[in-house]
Amino acid sequence: DLIDEETCVFTLSNLNYVKRTPLMTYKSQNRGGRGIVGMQTRDEDFVKDLFLCSTHDTILFFTDHGRVYRLKGYEVPEAGRTARGMAIVNLLEIAPDESVTAVIPVKEFREDRYLVMLTKQGLIKKTDMASYSNIRKGGLIAINLREDDSLISVMTTEGEDEILAATRNGMGIRFSEKDVRPMGRTATGVKAISLREGDYLVSAVKMSPTAKVLNVTEKGFGKRTVPEEFKVQYRGGMGVKIHQLTEKTGLLTGVLMLEENEEVMLITSEGVIIRLRGADISTIGRVSQGVKLMNLDEGVSVVGIAKITEDDIESEEEELAELAEKEAEAEAAAEDEEINVSEDTEA
């Protein structure tokens, strides 16, 4: 009750450094820009996850070992735009060989909602959210992973949603959540997509009838596609091609569902962030290369994407208006003080 509720940008690096930054730190830019520096990292480190949530929300941290830990948003230390943040081991009791691979903000734990998890090898598991409401300090088993597998995506669902799973080589499959029965917290899961040799899952999203599918590649190309171009299949199939990948575009980094009035953040392996308006990104067909969203130097790639909702944008505008009002009041007070000093001097 004593902590202000505000929407923040939470950043997690490859070496598991985490921080939160006020959303208004990042201003919208035009498509094709170079972005601003989001975090100073070492040569061997880069930002791998970017997400938005309130300081009052609970953040669930899922690791490559299939365990889950929790923190409140305000428990993540606030840091400046270019700061590295705090090592996650100082906040969570994770093992030395564990690494955080997925994070999800939760407002409340309800029995009629589910946590759906997808793994790198194309498996999916659905468990009711209430099973994760009492996570002890040492964490809980979230999913029983096979030796060669790791957790790559976690989402909350209502039980009747549709899911789009996308692979590194530009394949994707859309299927109904009803095809996946609810399982226990320690279950392994069932097959979501059949992968070709050398391919693996990189991203998964809930489909929305009003939003478009945003694809972003590692070399800064992207596009929006209408959901109708992704036909519903039964889970476990090979899927269809969702992006025409070439040497120019690079492999697929991830997908998002983006509304017309929402914005997206792209973050590179050097920690540079660019924020774009969804309406500025071209809407084109499922099998196409897309357009240039971000200019990248040689050897730099896009490693993460996150969307900014309309509510977050409105909250930011209110914060900016309030800040501008306070600055105006401070300037007026300073001018009054100068006038008073001047009058005293003359007297």
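Odds and ends about this structure:
- Sequence-separation-based contact order of region 162-306, relative, with Cα cut under 8 Å and 6+ spacing, percent: 29
- Residue among ASN169, ASN16, ASN295 with the largest mean-square fluctuation in a Gaussian network model of the chain, springs linking Cα atoms under 10 Å: ASN295
- Chain lengthening between THR82 and THR246 when straightened (0.36 nm per residue, less Cα-Cα): 55.7 nm
- Sequence-distant lysines (8 or more away, or on other chains) whose Cα lies within less than 26 Å of LYS137: LYS19, LYS48, LYS72, LYS107, LYS125, LYS126
- Accessible area per residue was computed with a 1.4 Å probe on protein heavy atoms; HIS56 scores about 70 Å².
- Restricting region 72-118 to GluC sites (Glu not before Pro) that sit in a DSSP loop and have at most 10 other Cβ atoms within 10 Å of their own Cβ leaves GLU108, GLU111.
- Once exposed loop trypsin sites (Lys or Arg not before Pro) are cut out (DSSP; at most 14 other Cβ, 10 Å), longest piece of the chain: 249-347
- Reported label for calculated Rg/Rh (Cα atoms, Kirkwood Rh) given (i) 1.03; (ii) 0.99; (iii) 1.12: (i)
- Per-residue accessible area (protein heavy atoms, 1.4 Å probe) orders ASP4, ASP112, ASP57, ASP179 as ASP4, ASP112, ASP179, ASP57, starting from the largest.
- Per-residue accessible area (protein heavy atoms, 1.4 Å probe) orders ASP1, ASP336, ASP149 as ASP1, ASP336, ASP149, starting from the largest.
- Choice from ALA79, ALA192, ALA330 with maximal GNM fluctuation in the chain (Cα, 10 Å cutoff): ALA330
- Loop GluC sites (Glu not before Pro), region 162-206, which have at most 12 other Cβ atoms in a 10 Å radius of their Cβ (DSSP): GLU197
- Using alpha-carbon coordinates, inclination of helix 310-346 to the longest axis of the chain, degrees: 10
- Approximating the spin labels as points 7 Å out from Cα along Cα→Cβ, the ASP112-to-SER176 distance works out to 2.0 nm.
The values are calculated or read from the model by the stated rules, or taken from the named source; none is laboratory data. Predicted model, so just to flag it, every value in this text is computed and none were measured. For neighbour counting, all protein chains shown are included, and Cβ atoms are generated from backbone atoms with ideal geometry for every residue, glycine included. Only protein heavy atoms, including side chains, enter the accessible area calculation; ligands, DNA and RNA are left aside. Shrake-Rupley method; radii C 1.70, N 1.55, O 1.52, S 1.80 Å.
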